[in-house]
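Read through the structure below, which is laid out as structure tokens, and then see the notes.
Every number in this text was worked out from the coordinates using simple rules, so none of it is lab data. Please read all numbers here as calculations on a predicted model, not as lab measurements. Note that we place each Cβ from the backbone using ideal geometry, even for glycine, and neighbour counts take in every protein chain shown.
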Amino acid sequence: MFQKYNYLIVGSGLAGLYAAWYASKYGKVAILTKSSIDVSNSYHAQGGIAAVTDKDDFPALHFKDTIDAGGGLCDYKPVEILVNEGPQRVKDLIEAGMKFDKEKGHLALGLEGGHHKRRVLHAGGDSTGKMVSQFMIDQVSSNENIDIFENHIAIEILVKDKICSGVRVWDCNSQKEMVFLGDHTMMALGGTSAVYKRTTNPETTVGDGVALCYNIGNQICDMEFIQFHPTSFYSEKGFTFLISEAVRGEGAYLVNRDNKRFMIGKHELKELAPRDVVAKAIFNEMKMEKSSNVYLTLDHLDGEKIKRRFPMINSLCEKNGCDMTKRIPVAPAAHYMCGGVKTNVDGATNITNLYVCGELASTGIMGANRLASNSLLECLVFGKRAVDHCHKNNAKISEDYKIEGYSCLNEKDDTFVEVKNRISDIMNQYAGIIKSEKSLKFALNELDNISKSSNIIENEIYSLRLENLICVCKLIINAALLRKESRGAQIREDYPDVSNGYLHHSIQEKGKETTFINIEK
Ligand code: SIN
């Protein structure tokens, strides 16, 4: 089966939805998503969208906070674009009808780690991702120029002579292979943190976009920087969910088993230090105490106000037998991929007609450690810029593709889940928040053993998913091994200090040696 569109958007997080909505004024758009349209990392975002909207705040301050959090690895131009174009994108959303929370008639602004100003817009208290995503889903669902294909898994990006013509897809509904051709193709498949056992991400977020792009020769940048969110709910059963940094923004403290605040003296912003600083301090505290978690304590705050501000977290805590107005057990969990597929400031990649946006893209903004709530803003700003660039640039695509005869052996599902769980255990234990050469090499070896013992069948969907999963884990591990220093979200036990010799982005490209490229200031 063949389909043809002007714009193919793969992924239904905020970047994909916003780009689809904006592109619909230029032509016919298809959104392809591997599960249902409301499953994405964006949907789970609690904190909000960081953008300058207050008269006492300025893009230059937002710029500085982003650069400072990024540990020396942010590229300046994309950050400038983000902080300067961001406020207008937020205004566009508001004008289209999106309702952010207000206080006394003004936008209510939250505070999160690394920000020196209150600038985080939120909606539904702590349901910002859900509210913004749902708002965009409503826009795209009712748009005649947009077709939505749920349960369609992208299995190959179609490229000839370095020009992208679309994607090959497995339609899980009809159990058939399809070819979608597009004048422009945008990958917005999100991050990869669900390759870790302890994660805030939905289980579908396993970096397929990274593997698909790597396979066709895109440059993959800074994969060593997987950001661990400091405060994810801790339970002995392993169940977890995000406890937004905005909870600390409203005054919650981090304490150890003895109820002692351990962030004092570690950073001038204490509990609101950038994420990497807080996550590392929690890890060290847990190690010292030999415990599995620390606590967020809120009993000094107005409990009713806290429940009103964070209704979703409150309800999830209650369901898990925890009163959030007292104290919440928390520990770090894999949360965000700071690197990804290298793009320029228009979302373009080294393959003509192939654009990448959202968490999957490495625009140069996030550096070694993303500033909280910059990601939804990046989806809006760079989603629009990519569509504008597509609109002005046309390359002739090839229609010379055929159905390859893919199959899906559904009986492989149980084995796939079992192997995926084993891999996520390995990643958590040996390539997680703290790594060393020994642990990373051990993880690589385990992954090789899994590859060797797996029954890989050519052109079969579960085999492909497993190969992609292992490919992404290896990209993370290889980059982490090469960076012999600790910086931002990369913490190496054997190289605990920052080294000026590593003020570079790592670049991995299929069939080539890994290289480092300069930061652009
Ligand atoms: C949070 O609410 O703490 C998460 C926001 C983010 O990851 O940017």
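Using just the helices of the chain, give the 222 nm mean residue ellipticity in deg cm²/dmol: DSSP H runs with n ≥ 4 each add -39,500 (n - 2.57), and the total is spread over all residues, rounded to 500.
One gets -11000 deg cm²/dmol as the mean residue ellipticity at 222 nm.
Over all alpha-carbon pairs of the stretch 117-170, lay out the pair-distance distribution in 10 Å bins, whole %, shortest bin first.
Per 10 Å bin, starting at 0, the Cα pair percentages come out as 19, 26, 30, 20, 6.
Computed on alpha carbon atoms, what radius of gyration and Dmax characterise the stretch 336-411, expressed in Å?
Gyration radius and largest Cα-Cα distance of the stretch 336-411: 16.1, 46 Å.
Which ³J(HN,Hα) values in Hz, rounded to whole numbers, follow from the phi angles of the stretch 278-284 under the Karplus curve 6.51 cos²θ - 1.76 cosθ + 1.60, where θ = phi - 60° and Gly and Pro get x?
5, 4, 5, 5, 5, 4, 5
What whole-number volume per residue, in cubic angstrom, does the convex hull of the C-alpha atoms of the stretch 16-57 give?
88
Hey, what does the equivalent ellipsoid look like for the stretch 6-124, semi-axes from the Cα gyration tensor as sqrt of 5 times each eigenvalue, largest first, whole Å?
Three semi-axes, in Å: 27, 18, 15.
May I ask what percent, to the nearest 5, of DSSP beta bridges between residues of the chain are antiparallel?
Once the DSSP bridges in the chain are tallied, antiparallel ones form about 65 percent.
Measure of size requested: the Rg and Dmax of the stretch 257-306, with Cα atoms as the atom set and Å as the unit; please supply both.
That works out to 12.0, 34 Å for Rg and Dmax.
In vacuo Debye scattering of the stretch 129-198, one point per C-alpha: log10 I(q)/I(0) at q = 0.19, 0.20 Å⁻¹?
-1.04, -1.10
Determine one quarter of the surface area of the Cα convex hull of the stretch 425-470, which equals its mean projected area, and express it in nm² to one decimal.
The Cα convex hull of the stretch 425-470, projected and averaged over all directions, gives 3.4 nm².
When all C-alpha to C-alpha distances in the stretch 123-261 are sorted into bins of 5 Å, what percent of pairs does each bin hold, rounded to whole numbers?
2, 7, 11, 15, 16, 16, 12, 9, 5, 3, 2, 1, 0
For the stretch 77-121, just list the percent of Cα-Cα distances falling in each 5 Å bin from zero outward, please.
Per 5 Å bin, starting at zero, the Cα-Cα P(r) for the stretch 77-121 comes out as 5, 18, 21, 28, 19, 8, 1, 0 percent.
At a temperature of 37 °C and a viscosity of 0.692 mPa s, determine how fast the stretch 413-490 diffuses translationally according to Stokes-Einstein, using the Kirkwood radius over alpha-carbon pairs as Rh; express D in µm²/s, rounded to the nearest whole number.
Translational D for this selection: 251 µm²/s.
Across the Cα atoms of the chain, what radius of gyration and what greatest pairwise Cα-Cα distance (Dmax) are found, in Å?
When restricted to Cα atoms, the chain yields Rg and Dmax of 21.8, 67 Å.
Residue farthest toward the positive end of the dipole of the chain, with Cβ of Lys/Arg at +1 and Asp/Glu at -1: which of L376, N468, I148?
Going by the Cα projections, it comes out as L376.
What is the distance, in nm, between label points placed 7 Å from the Cα along the Cα-to-Cβ direction at R261 and at N518?
Rounded to a tenth, the inter-label distance reads 4.4 nm.
Would you mind pulling out the separation of the Cα centroids of the stretch 341-380 and the stretch 1-53, in Å?
14
So what is Rg over Rh here for the stretch 377-521, counting just Cα atoms and using Kirkwood for Rh?
Across the stretch 377-521, the Cα-based Rg/Rh ratio is 1.06.
When each pair of different Cα atoms in the stretch 66-163 is counted once in the 1/r mean, what is the Kirkwood radius in angstroms, to one decimal?
The answer is 17.0 Å.
Identify, among I313, V341, I264, the residue whose Cα sits farthest towards the positive end of the charge dipole of the stretch 248-362, taking +1 on the Cβ of Lys and Arg and -1 on the Cβ of Asp and Glu, with the dipole about the Cα centre.
Working it through, the farthest residue towards the positive pole turns out to be I264.
Which of the trypsin sites (Lys or Arg not before Pro) across the stretch 343-452 are loop residues per DSSP, with 13 or fewer other Cβ within 10 Å?
Passing both the DSSP loop test and the Cβ count: K396, K402.
So how do V140, V417 line up by other beta-carbon neighbours within 10 Å, fewest first?
V417, V140
Within the stretch 21-95, which trypsin sites (Lys or Arg not before Pro) sit in a loop by DSSP and count at most 14 neighbouring Cβ atoms inside 10 Å?
Counting only loop positions with at most 14 other Cβ atoms within 10 Å, the trypsin sites (Lys or Arg not before Pro) in the stretch 21-95 are K25, K55.
Sorted from largest down, what three extents in whole angstroms do the Cα atoms of the stretch 192-271 have along their principal axes?
The Cα atoms of the stretch 192-271 stretch 51, 33, 20 Å along the principal axes, largest first.
Using 0.36 nm times the number of residues separating R422 and N173, minus their current alpha carbon distance, what extension gain do you get?
Length gained, R422 through N173: 86.8 nm.
Give the cysteines in the chain for which no other Cys Cβ lies under 4.7 Å away, or write none if there are none.
C74, C164, C172, C213, C221, C338, C357, C379, C390, C408, C471, C473
In the stretch 229-258, what GluC sites (Glu not before Pro) fall in a loop by DSSP, with at most 10 other Cβ atoms inside 10 Å?
E236
What is the extension gain from K305 to N449, computed as 0.36 nm multiplied by their sequence separation minus the C-alpha to C-alpha distance, in nm to one decimal?
In short, 46.6 nm is gained.
Evaluate the Debye formula for the stretch 299-347 with equal point scatterers sitting on the alpha carbons, no solvent, and hand back log10 of I(q)/I(0) at q = 0.14, 0.16, 0.27 Å⁻¹, in q order, two decimals.
-0.54, -0.60, -1.08
Would you calculate the convex hull of the Cα atoms in the stretch 224-321 and tell me its volume per residue in Å³?
119
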